[in-house]
Amino acid sequence: MLEVRNLHVHFGVIHALKGISLTVNDGEIVTLIGANGAGKTTTLRTISGLKKPTSGEIILDGVDITNASAQERVRIGISHVPEGRRVFSNMTVLENLELGAYLRKDKEEIAKDLKKVFDLFPVLADRRKQLAGTLSGGEQQMLAIGRALMSRPKILLLDEPSMGLAPLLVQEIFNIIKDVNSNGTTVLLVEQNARMALQIAHRAYVIETGRIVLSGTGAELMESEEIKKAYLGG
Amino acid sequence: MEQLLQQIVNGISLGSIYALIALGYTMVYGIIKLINFAHCDVYMIGAYVGYVCMAKLGLGFFPSLLASMLVCTLLGVVIEKIAYKPLRNATRITALITAIGVSLFLEYTTMFFASADVRTYPPMTGFMAKTFKMGDVVISAQQILIALITVILMVLLQLIVKKTRIGKAMRAVSLDKDAAELMGIDVDSTISFTFALGSALAGAAGILVGVYYNSINPLMGVLPGLKAFVAAVFGGIGIIPGAMLGGYVIGIIEVFVAGLGYSMYRDAVVFAILILILIVRPAGLLGKNTGEKV
Ligand SMILES: Nc1ncnc2c1ncn2[C@@H]1O[C@H](COP(=O)(O)OP(=O)(O)OP(=O)(O)O)[C@@H](O)[C@H]1O
Ligand SMILES: [Mg+2]
């Protein structure tokens, strides 16, 4: 499905990604874990087209999209839930969700997807007329995920969906990610909460200062001594 | 009492003009955080286009209004493409200086082609020349026209911004450019559209002023532009209803100050208001005081 080959990204003189390669297969949940500043967000932003790479390739279903606009990438099925949720605070929940379907014209199917999102997140249905900025952190995260689903993506990029949430909510969000995945959406999940991420992921990559240093199945990495030491607190 | 009503009537006319101009400032500020100093000159160009249409081509008011709005729309889009778009990632001061440059360019280009002389709009005829008396309050057909057209344009604007796809895109881009891009919104064309809308309103204001005050000149935009900017700040810059409200408030205050016999101070009072707002409520009347300060 998604293949990233030897991606290099610079911010001025800062060399943020130093040759990232990773693959996400159809139907998988793949997680990318790593410490602060390792380059996780930059990787996702480059895949969704917000940041231009210096070199390297991004391929979706066999098509090279390295030079495609962010808009084009949404159209062909990439949807990105950005770090910090970034809901449109001054717009209603419903307007946020409608914007998720901005490029779609199939009104009836959009209505169906809206219903699906409301089924997935009943709290959003209750608050559809409320301004997104007045939602709690957890609700905003749900809205951000719901909004991203409204484009009917093939692959969902999630950037630290558990950030700043209470443990119970984190569990709920992770359950939802599993749900979304079992309904057929491929997921690339960036997390600092390595334990949770590895539990639900089919495969995982570990990123350190712009490089992939380790990869394997979720279970393999859970058992790895290095990972235990560095990311799972011993 | 009649005096008071008369002042309000006159204030609404002037305020309508300020409100129409203020909307352009506020929308552009909302979306790219730029105080578009050239906006007041788009309004001036609108007045000149109206003049050419009515005085030289002998067109009626409504076709001339459309022409003014259309030319200004194009002008606004072109200004954005040529002058501001290349500076999207530059510092704000760079963009601000560029805006002043564009403003001067428009003013002196107009002077070059149309001379610095004052031009006068042809006298109105028929219905447009009528005045109506209600007791001692005099309302001219032109004042009615200004108020009506302004309200219609504002309603249209609100419909566009609230209900249409592009309007939602505008609001989304104003709130968060990256997130908007992730929705598949074309940020560049949305910004372009915002300039188009603001400039169309400025064009309408230009021809309405021409009809109302008769005389126009290449520097006519400067002072009303500043006052409209004050109006936008007063209402809360970036907030559309704020600009509408601010326009009327500033217009009415100005007329009152003049009506009380302090005509000399009418401009000073407006700027005193600006200073006062910036001290007391920098986010403006309708703004949340947590927002970015101007
Ligand atoms: N806009 C930017 N300008 C300059 N440097 C940046 C920018 N964005 C990221 N960087 C740098 O790139 C590197 C990777 O940052 P990135 O945000 O991708 O890390 P991350 O893994 O997502 O971290 P976190 O877990 O804190 O979110 C960091 O060194 C960061 O300082
Ligand atoms: Mg990050």
Among the numbered criteria (1) more than 16 Å from ligand 2 (Cβ to nearest atom); (2) under 16 Å from residue A:6 (Cα atoms); (3) polar (S, T, N, Q), which single criterion is violated by residue A:92?
(2)
Of the residues in the stretch A:151-173 that are within 12 Å of chain B (Cβ to nearest Cβ) and assigned to a loop (DSSP other than H, G, I, E, B), the one that is most open to solvent (accessible area, probe 1.4 Å) is A:152
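Output the residue which, of all residues in the stretch A:1-33 that are without any contact (Cβ under 8 Å) to a residue 40 or more places away in the chain and either open to solvent by less than 40 Å² (accessible area, probe 1.4 Å) or within 14 Å of chain B (Cβ to nearest Cβ) (or both), is farthest from ligand 1 (Cβ to nearest atom).
The residue in question is A:12.
For every residue, the table says whether it meets (1) of a type in the set (Val, Ile, Thr); (2) at pLDDT below 95.
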residue: B:228; (1), (2): no, no
residue: B:234; (1), (2): no, yes
residue: B:241; (1), (2): no, yes
residue: B:262; (1), (2): no, yes
residue: B:279; (1), (2): yes, yes
Selection from the stretch A:39-74 of residues that are among the basic types (Lys, Arg), open to solvent by less than 30 Å² (accessible area, probe 1.4 Å) and either within 16 Å of ligand 1 (Cβ to nearest atom) or under 16 Å from residue A:19 (Cβ atoms) (or both):
A:40
Listed residues B:201, B:245, B:208, B:226; which is more than 21 Å from residue B:79 (Cα to Cα) and within 12 Å of the chain's Cα centre (by Cα)?
B:208
Positions within the stretch A:137-150 being more than 13 Å from residue A:89 (Cβ to Cβ) and out of contact with any Lys or Arg (no Cβ under 7 Å at 6 or more places or on another chain), in sequence order:
A:138, A:142, A:145, A:146, A:148, A:149, A:150
Index of the failed condition, residue A:36 passing every other in (1) within 13 Å of ligand 1 (Cβ to nearest atom); (2) touching a residue at least 60 places away in the same chain (Cβ under 8 Å); (3) in contact with a strand residue (DSSP E or B) (Cβ under 6 Å, 6 or more places away or on another chain); (4) not aliphatic (A, V, I, L, M):
(3)
Of the conditions (1) open to solvent by 10 Å² or more (accessible area, probe 1.4 Å); (2) more than 16 Å from the chain's Cα centre (by Cα), residue B:75 fails just one. Which one is it?
(2)
With a cut-off of at least 1 residues that are within 23 Å of residue B:226 (Cβ to Cβ) and touching a Cys at 6+ places or on another chain (Cβ under 6 Å), name the helices (runs of 4 or more DSSP H) lying wholly within the stretch B:1-106.
B:39-51
In the stretch A:177-197, anything away from ligand 1 (no atom under 16 Å from the Cβ) and buried (at least 17 other Cβ atoms within 10 Å of the Cβ) is listed as A:177, A:180, A:181, A:185, A:186, A:187
In the stretch A:130-150, anything within 14 Å of chain B (Cβ to nearest Cβ), open to solvent by 20 Å² or more (accessible area, probe 1.4 Å) and not in a strand (DSSP E or B) is listed as A:133, A:134, A:140, A:149
Only listed residue being within 29 Å of residue B:173 (Cα to Cα), open to solvent by 60 Å² or more (accessible area, probe 1.4 Å) and out of contact with any Pro (no Cβ under 8 Å at 6 or more places or on another chain), chosen from B:223, B:285, B:276, B:260
B:285
Take the stretch A:133-176 and flag every residue that is within 16 Å of ligand 1 (Cβ to nearest atom), farther than 21 Å from residue A:114 by Cβ and polar (S, T, N, Q).
A:162
Can you tell me which residue among A:151, A:215, A:136 is of a type in the set (S, T, N, Q) and at pLDDT 95 or above?
A:151
Which of (1) touching a helix residue (DSSP H, G or I) at 6+ places or on another chain (Cβ under 6 Å); (2) in contact (Cβ under 8 Å) with a residue 40 or more places away in the chain; (3) surrounded by 22 or more Cβ atoms within 10 Å (Cβ to Cβ) does residue A:86 not meet, given it meets every other one?
(3)
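The values are calculated or read from the model by the stated rules, or taken from the named source; none is laboratory data. Note that the structure is a prediction, hence the values are computed from the model and not measured. Using ideal geometry, Cβ is built from the backbone for each residue, glycine included, and neighbour counts are taken over all protein chains shown. Heavy atoms of the whole protein, side chains included, go into the accessibility calculation; ligands, DNA and RNA do not. Shrake-Rupley method; radii C 1.70, N 1.55, O 1.52, S 1.80 Å.
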